[in-house]
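Single-structure report; data block below.
The values are calculated or read from the model by the stated rules, or taken from the named source; none is laboratory data. Computed from a predicted model, the values in this text were never measured in an experiment. Backbone-built Cβ (ideal geometry, glycine too); neighbour counts: all protein chains shown.
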Amino acid sequence: MKQRLTNTVKFIYGTGDVASNLVWTTVGSFLTMYYTDVALISAATVGTLMLVSRILDGITDLTMGWIIDRTRSRFGKARPWLIASAPVLCLLLVMV
């Protein structure tokens, strides 16, 4: 029998997604303004750079999914990767 998610669980997952989107939207907006106003890169070049990064992000997402599917540990499939990547991601975000 399948168990349905409660509204509380759905809300908790949603808040994590909102936080993630808030951070990445802020970083993307800041980098766009920085590239065009400070680094004096044309808006077309910045747009192309963002497009290429999104395409590469899609490729790396598929690759990481493939890696996670083949991961076997006592902590599960994804948890070791999340634990290892969280401090690195935090550090890189602060550096940006």
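Values computed for the structure shown
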| quantity | calculated |
| --- | --- |
| Which listed residue is of a type in the set (Val, Ile, Thr), under 17 Å from LEU93 (Cα atoms) and either modelled with pLDDT of 95 or more or under 17 Å from the mean Cα position of the chain (by Cα) (or both), from THR25, THR60, THR48, THR15 | THR25 |
| ASP61 vs. criteria acidic (Asp, Glu) and more than 29 Å from THR32 (Cα to Cα) | no |
| Close pairs (6 angstrom Cβ cut-off, 6 or more residues apart or separate chains): surrounded by 11 or more Cβ atoms within 10 Å (Cβ to Cβ) in the stretch 21-37, not hydroxyl-bearing (Ser, Thr, Tyr) anywhere | VAL27/VAL96; THR32/VAL46; TYR35/ILE41; TYR35/VAL46; THR36/ALA43; THR36/VAL46 |
